[in-house]
1. Sort out for me the Cα centre separation of segment 287-325 from segment 410-442, rounded to whole Å.
2. Report the Rg/Rh value for segment 1-107, based on alpha-carbon coordinates and the Kirkwood definition of Rh.
3. Anything over 22 Å Cα to Cα? Flag those among LYS14/LYS42; LYS42/LYS204; LYS15/LYS226, in the order listed.
4. Please turn the phi angles of segment 88-97 into ³J(HN,Hα) values with the Karplus equation 6.51 cos²θ - 1.76 cosθ + 1.60 (θ = phi - 60°), one per residue in order, whole Hz, x for glycine and proline.
5. Output ³J(HN,Hα) for segment 209-220: one whole-Hz value per residue in order, computed from phi by the Karplus curve 6.51 cos²θ - 1.76 cosθ + 1.60 with θ = phi - 60°, and x for Gly and Pro.
6. Taking 8 Å as the Cα distance limit and 6 or more residues as the minimum spacing, I'd like the relative contact order of segment 341-465 as a percentage.
7. Over the chain, what is the relative contact order in whole percent, taking alpha-carbon pairs under 8 Å and six or more residues apart?
8. For a footprinting-style exposure proxy, rank LYS442, LYS33, LYS291, LYS136 by other Cβ within 10 Å, fewest first.
Amino acid sequence: MKRKGAGEREKDVKKRKLLDELGESWLPYLTPKDDGFHQLWKTKYSKLVLRTAEKIPKEVHEEVQEAFLTLQKHGCFFQDLVRIKGKDFVTPVSRILVGNPGCTYKYLNTRLFTVPWPVEGYEINYSHPEISKACKALIKLNCYLHRESVLALQEQNLAETKGMEDSPVIDRHQDYATSITEMGSILQDQSPSHVPENDHSHLKERTSYNLSLLNYMDPQQMPFLKQEPYFGMGKMAVSWHHDENLVEGSTVAVYSYSCEEPAADILEEKAPSGRDPAVWHVGLKVAWDIKNPGLAVPLYPGDCYFMLDDLNMTHQHCVLAGLPPRFSSTHRVAECSQGTLPYILDQCNAALQNLCTDTHLSCPTLKSLDVDDIKRVEETHNEVEFEWLRQFWFQGKRYRKCTDWWDKPMAALDEFWRKLELMTSLLLCEFRKEEQAEEQRKERISCLLPILEERQELRQDWLASGYIAPVHL
Ligand SMILES: O=C(O)CCC(=O)C(=O)O
Ligand SMILES: [Fe+2]
């Protein structure tokens, strides 16, 4: 629950050690111009799959590229304020999260809320018909990438890791516009309690993307991009990382669209080795390793790449900036057992069971002072305040640019939070009363205290990061 990520210090030590070992020199990396590039890809990076633009239906390109431009025109991309090692940073890329209604995705201590794509059974008001069309194009892309991922896993026999022998083979020529109804059933499958019944659902689970994080950056507007530190790959739009909060072993599928076809390699003569700095690339390296050369794969407009199976865990990736502006749509299976609206509403409802507001009572009371009940209620209080409300309001009104979908749920969570505040104050009143046995009182207080301390600390933390609270918080 704390904003300061665990394990960050350990990572820092590892990184320092790596850079120290490296000294002044750079590690080798290969691009398609180098001998051995394909051999290296096949042996050390085989779970990275590239589908070049010409293999992808024209309809996909047209709809998705239009969607990107629409979302940008309507000002829907935002730079995120993220926290790394206790410090706040603004991401150089601007982002928007689109996905299943009610889903969220937490990265670098920031929780993003999906702008919902249209799924049957959900009523969604978009602020503009063009935004509605864009979200529809993205869910269609999602279906397309889901099918392509299943095929790629089957082609590499990765679908069989858990006995996939009788999983049906998907027909590549199936119409890409998979019906939204099919997505509806996928959405239901993703309830936290869903347990795969057979091996086919295991494959489906690891490729049923529930959201996409869209990125946009115009390098001309970003003069201070970081240089890639290990290989000398040049300017990075996104530094080396593993994607966080994904279902273990799930694929990540990316559609990449750099807005202009790069001019013939005019810089080639000046930079005979290394990657072309005019072209966008995805960089890959084996995690915490200096033995294997890195890989820089150029991405031309409309190319897609897939990080299959456990590639995201065993390797790190980065995005190397080219010259033109670029969009990407990164489809993920977010681990959202504690990240959906139904989840947090359930938690709040359960906590509120401990509040008795019978009309014949002049003021509300708590039903139980049992330590387990106190703990559950007060922990939910922290969770809704720090993981949801403050995260949501911190990002301002950005979601309203696209939809009012989150307004009602957030108002409901706000209402829950007020009642939880009341419950904390009722609890403190109880502790002031004399009639409890001393032992019991001590036990209750020692269970409550750490949770209240954490609340206090986190409130300070949010305050320090410039968060402006709505009046009542
Ligand atoms: O834009 C891309 O190709 C990938 C971006 C990325 O790695 C991320 O958003 O996590
Ligand atoms: Fe990533």
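Since every read-out is calculated from the coordinates, none of them should be taken as a lab result. None of these values were measured; they are calculated from a predicted model. Note that we place each Cβ from the backbone using ideal geometry, even for glycine, and neighbour counts take in every protein chain shown.
1. 51 Å
2. Working: Rg = 20.0 Å, Rh = 19.0 Å.
Here the Rg-to-Rh quotient is 1.05.
3. LYS14/LYS42; LYS42/LYS204
4. 8, 9, 9, 5, x, 8, 9, 9, 8, 9
5. 5, 9, 6, 9, 9, 8, 10, 9, 8, 10, x, 5
6. 34 percent
7. About 20 percent, as a whole number.
8. LYS291, LYS442, LYS33, LYS136
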